[in-house]
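The values are calculated or read from the model by the stated rules, or taken from the named source; none is laboratory data. Note that the structure is a prediction, hence the values are computed from the model and not measured. Cβ sites come from the backbone with ideal geometry, for glycine too, and all protein chains shown count toward neighbours. What goes into the accessible areas is simple: the full protein's heavy atoms, side chains included, and nothing from ligands, DNA or RNA. Shrake-Rupley method; radii C 1.70, N 1.55, O 1.52, S 1.80 Å.
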Amino acid sequence: REKVAAIDYKYFIEPNIPPVKLSDEFYEELKGELPELKLERYEKYIEKYQLSEYDAGVLSAKRDISDYFEEVLSYGSDVELTVNFVTSAILSTIKKLEIEIKDLFITPKMLSGVIDKVKNKEISLDHGKKILYQAIEKLVDPNEIIKKQNLHQINDEDELRKIIEKVLDENDIQVRQYIDEGNTYVYNFFIGKVMQKTNRQANPNMSLDIIKEELERRKNNESK
């Protein structure tokens, strides 16, 4: 026998509780108060921020990580750099320390400050991550470390050119390899030397351009 009516289930309406009719507006208000689900965040990261499926998956996997990532963005930080820092430096650190991201010393605001300096080319990406590791180890605001150690990236072309000219003068063998053999592998050698001489503060892209110019200039001067 099929049960088709309330009486078939042997229950009745509680007489002391009046019926309540909930409006559509009330339902919508409740829905608005619910947190975003994992799938919703995943899809948002792909559609709104143009993240790869891999990065979107990593950042939406856990609610606290997703919240941290979005709070950094709320300070106006660059999306691509934020993804880079969170998925590498931040996640590797909490894994190494075996802590939750909420217990990490580096707050979203601190991280945002470092990201902004990288974005504005005040420090390099490599320096930014090293500063974060120092800040976590010493429990010091990374932005204070940048100020105290004067770690701002060198973007002045004239200053870089003087440094690079000196590096080339000190490494004649590699200069000859370029002039005599056209060996472009020396680019990486000279970049390493420039970074070593400037405590990794030289703008790497600008340095590479100047190295190429100076090597070509020296080669042309010999051919005259």
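When the scattering of the range 58-147 is computed by the Debye formula from its Cα atoms alone, each counted once and equally, what is log10 I(q)/I(0) at q = 0.10, 0.22 Å⁻¹?
Each listed q maps to, in turn, -0.21, -1.09.
So, with +1 on the Cβ of K and R and -1 on the Cβ of D and E, and no other charges, what is the size of the charge dipole of the range 134-224 about its Cα centre, to the nearest 20 debye? Provide the component values of the computation, followed by the final result.
Numbers: 15 positive and 18 negative charges, 32 e Å.
It works out to roughly 160 debye.
Quick check: residue separation of GLU14 and GLU165 times 0.36 nm, minus the Cα distance between them. What number comes out in nm? Provide the component values of the computation, followed by the final result.
Working: separation 151, 0.36 × 151 = 54.36 nm, distance 9.04 nm.
In short, 45.3 nm is gained.
Which Cα, out of GLY113, LEU91, PRO142, lies furthest along the positive dipole direction of the range 15-162 (beta carbon charges, K/R +1, D/E -1)?
Going by the charge dipole, the pick is PRO142.
Of the candidates GLU137, GLU28, GLU214, which one comes out as most mobile in a Gaussian network treatment of the chain with C-alpha springs shorter than 10 Å?
Comparing GLU137, GLU28, GLU214 in a Gaussian network model of the chain, the most mobile one is GLU28.
Mind jotting down the distance between the C-alpha centroids of the range 65-108 and the range 171-224, whole Å?
Value for the Cα centre distance between the two parts: 37 Å.
Please compute the Kirkwood hydrodynamic radius over the range 103-224, one decimal place, Å, based on all pairs of different Cα atoms.
On the way: mean 1/r = 0.0631 Å⁻¹.
By the Kirkwood definition, the hydrodynamic radius is 15.9 Å.
Over its Cα atoms, what ratio of radius of gyration to 2.2 N^0.38 Å does the range 4-121 give?
The reported ratio for this selection is 1.64.
Using the structure shown, select from LYS117/LYS138; LYS109/LYS193; LYS31/LYS62; LYS162/LYS193 the pairs with a Cα to Cα distance greater than 23 angstrom.
LYS109/LYS193
Would you look at the GNM of the chain, springs on alpha carbons closer than 10 Å, and say which of ILE211, ILE154, ILE99 moves the most?
In this elastic network of the chain, the residue with the biggest mean-square fluctuation among ILE211, ILE154, ILE99 is ILE99.
7 Å from Cα along Cα→Cβ at both TYR75 and LYS96: what's the point-to-point distance in nm?
Rounded to a tenth, the inter-label distance reads 2.1 nm.
Grab the beta carbon distance between GLU40 and LEU125, set R0 = 25 Å, and tell me the FRET efficiency rounded to 0.05. Walk me through the numbers on the way to the answer.
On the way: r = 30 Å, r/R0 = 1.22.
Efficiency computed from Cβ-Cβ geometry: 0.25.
Could you give the size of the charge dipole of the chain about its Cα centre, using +1 on the Cβ of each K and R and -1 on the Cβ of each D and E, expressed in debye and rounded to the nearest 20?
620 debye
Suppose R0 equals 45 Å; then what is the FRET efficiency for LYS109 and GLU157 from their Cβ-Cβ distance, rounded to the nearest 0.05? Intermediate results must be reported in sequence, preceding the final value.
On the way: r = 33 Å, r/R0 = 0.73.
After rounding to 0.05, the efficiency reads 0.85.
Under a plain spin-label model, where a point goes 7 Å from the Cα along Cα-to-Cβ, how far apart in nm are ARG218 and GLU47?
5.6 nm
Hey, what did the range 68-170 get for relative contact order, percent, Cα under 8 Å, at least 6 apart?
Values: 78 pairs, mean separation 25.7, N = 103.
For the range 68-170, the relative contact order is 25 percent.
If THR87, THR82, THR184 are ordered by their accessible area, calculated over protein heavy atoms with a 1.4 Å probe, which sequence runs from highest to lowest? Kindly include the intermediate steps, with their values, before the conclusion.
Values: THR87 45, THR82 0, THR184 70 Å².
Sorted descending by solvent-accessible area, the residues read THR184, THR87, THR82.
At 1.002 mPa s and 20 °C, plugging the Kirkwood radius over alpha-carbon pairs of the chain into Stokes-Einstein gives what diffusion coefficient in µm²/s? Could the numbers behind the result be given before it?
Working: Rh = 22.2 Å.
Estimated diffusion coefficient is 97 µm²/s.
How much of the calculated P(r) for the range 161-224 lies past 12 Å, in percent of all Cα pairs?
Numbers: 1305 of 2016 pairs.
When all Cα pairs of the range 161-224 are counted, 65 percent exceed 12 Å.
Can you list the aspartates and glutamates whose alpha carbon sits under 20 Å from that of LYS147, skipping same-chain ones fewer than 8 residues off?
ASP116, GLU122, ASP126, GLU137, ASP156
Contact order normalised by length for the chain, with contacts defined as Cα pairs under 8 Å and 6 or more residues apart; what percent is it? Provide the component values of the computation, followed by the final result.
Details: 168 pairs, mean separation 27.8, N = 224.
Computed over the chain, the figure is 12 percent.
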